[in-house]
Structures are given as structure tokens and as C-alpha cells.
Amino acid sequence: MKKILFIAGVAAILLFTGFKFDEWYKFTSSTGHFSISFPSKPEESTEKQKTTDGTPFDVNYVSYAPSDSEVYMVGYIDMKDFYPADKTMKEILENSRDGATSSLEATSVNTITTNLEGDAYIEFTFTAPKITGKDRIYVINKFQYSVITIFSSSTGIGTNADKFIRSFKHQGEY
């Protein structure tokens, strides 16, 4: 009985002092120059790619998938060797959105906002066969970042999508 009362007392103290049980994991990338908070510790991976003219580049991923119906991910690339200098920032962002949604075979895309000030980004939702999600694509200092959440169509966009996307912070000049 004393043990139960002790545990209940500790739980009450933690509850009333504002202790949070839903602390997220802060991830910092020195090579990607950003930080972001995930619901739990993410995994990192890299994939080798080539542009249409053969220029090699790395696509870096940081992701956390608590289930088959929920994914939080940041994908980033250094575009310095193939940055489209002949395009406006708006065109670069819209082309990035269109490329991402095309690769997901999206049937519906809704652009929420396009920000061309400071750290430029485009934010949008999408629906594709069996999935839905929200993505914010940034272009900062010739780096492209895709901060994306993907959920099953049956569950819809989760309540943590905005918390994840808004936690992205660019880390200084490079």
C-alpha cells in the first residue's frame, strides 16, 4: 500500500510541476546545417543520385516512422553544383513541390503558402494513393530541404505534423 501511495504521490508531483512526458528528440545536422525535433530518435541514411545531365549528388534523409501509417522525415541536398541560376526562387520552389508530388503520384495538391522572404519555402498538403501528408520545402544557401510528414489515408494528417514541420531551424551561414 505504501508503494502505491508513493508512486501516486510522485506522479501527482510530476503532473503539477509541469513535467512533460511527450518530450521530443532534438536532432542537429552539422552537414545539413539545421536542427529539428522528432517524436523520437530518427535514423539517418544517404542515397546517391545523378541529375539528368549526370552530375552526382547525395540525398540525405533523417526519418522516424513510429508505424506503417506515420512518417516524419527531412530530406536534404546540397545543390551548389547544379543550382538553377536561371530560375526565380518561386519557380525553384514550385518545381520542387511538383517534383515531390509527382514522385508520390499525388492526385491532389493544395499549396498553403509560399514564403519568398528570408528562408524561402513552399508549404503544401497532398493526397496520393493510400497516403496523405504535409510538406514544407525550403531553399536556403543552395541547399534544398524537404520537411515532410506522411500518413495513411485512413488516419489523415496527424496532429503532430505541424509541430514537426515548424520545429525546423536553419543553422547559420555556410
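Worth pointing out:
- Protection-proxy order for peptides 120-128, 158-166, 54-62, each taking the mean of Cβ atoms within 10 Å per residue, highest first: 120-128, 158-166, 54-62
- Cβ-based charge dipole, the chain, positive-most Cα from Asn60, Asn160, Ile131: Asn160
- Centroid-to-centroid separation of segment 127-159 and segment 27-86 [C-alpha atoms, Å]: 13
- Label corresponding to Rg and Dmax of the Cα atoms in Å when calculated from the structure given, among (1) 15.5, 47; (2) 19.3, 74; (3) 25.6, 98: (2)
- Sequence-separation-based contact order of segment 21-170, relative, with Cα cut under 8 Å and 6+ spacing, percent: 21
- Converting phi to 3J(HN,Hα) with the Karplus coefficients 6.51, -1.76 and 1.60 and the offset θ = phi - 60°, segment 147-154 yields 9, 10, 10, 10, 9, 5, 4, 6 Hz in sequence order, with x at every glycine or proline.
- Neighbour net charge for Tyr76 - beta-carbon separation under 12 angstrom, K R +1, D E -1: -3
- Assigned charges on the beta-carbon of Lys, Arg, Asp, Glu; the chain dipole about Cα centre (debye): 800
- Helix axis angle, 89-103 relative to the chain longest principal axis, alpha carbon, degrees: 70
- Segment 71-127: C-alpha gyration tensor shape, a/c 1.5 cut-off, then a/b vs b/c: prolate
- Under the combined filter of DSSP loop state and at most 15 neighbouring Cβ atoms within 10 Å, segment 17-105 retains these GluC sites (Glu not before Pro): Glu23, Glu105.
- Residues Ile36, Ile112, Ile131, sorted so that the one with the fewest Cβ neighbours within 10 Å comes first: Ile112, Ile131, Ile36
- Ellipticity estimate at 222 nm from DSSP helix runs (n ≥ 4, -39,500 (n - 2.57)) divided over the chain, nearest 500: -6500 deg cm²/dmol
- Summing Lys and Arg as +1 and Asp and Glu as -1 over all other residues whose Cβ lies under 14 Å from the Cβ of Ala100 gives a net charge of -2.
- Within the shell defined by Cβ-Cβ distances under 9 Å, the residues around Asp135 carry a net charge of +2, with Lys and Arg each +1 and Asp and Glu each -1.
- Cross-link check: pairs Lys50/Lys80; Lys48/Lys90; Lys26/Lys169; Lys41/Lys142 evaluated at a Cα-Cα cut-off of 18 Å; pairs beyond the cut-off: Lys48/Lys90; Lys41/Lys142.
- Across segment 104-161, the relative contact order, built from alpha-carbon pairs under 8 Å that are at least six residues apart, equals 26 percent.
- Scalar couplings 3J(HN,Hα) for segment 78-88, obtained by applying the Karplus form with A = 6.51, B = -1.76, C = 1.60 to θ = phi - 60°, are 8, 9, 4, 7, 8, 4, x, 5, 8, 10, 6 Hz; x denotes Gly and Pro.
- Amide H contacts under 5 Å for Ser167: Ser37, restricted to partners 5 or more places along the chain or on a different chain, H placed in the peptide plane at 1.01 Å from N.
- The 3J(HN,Hα) values that the Karplus relation (6.51, -1.76, 1.60; θ = phi - 60°) gives for segment 120-132 are, in residue order, 5, 7, 10, 10, 7, 10, 8, 10, 9, x, 6, 9, 9 Hz. Gly and Pro appear as x.
Rule-based calculations on the coordinates, nothing more; no lab input. Here the structure is a predicted model, which means the values were calculated and not measured. As a convention, Cβ positions derive from the backbone with ideal geometry for all residues, glycine included, and neighbour counts pool all protein chains shown.
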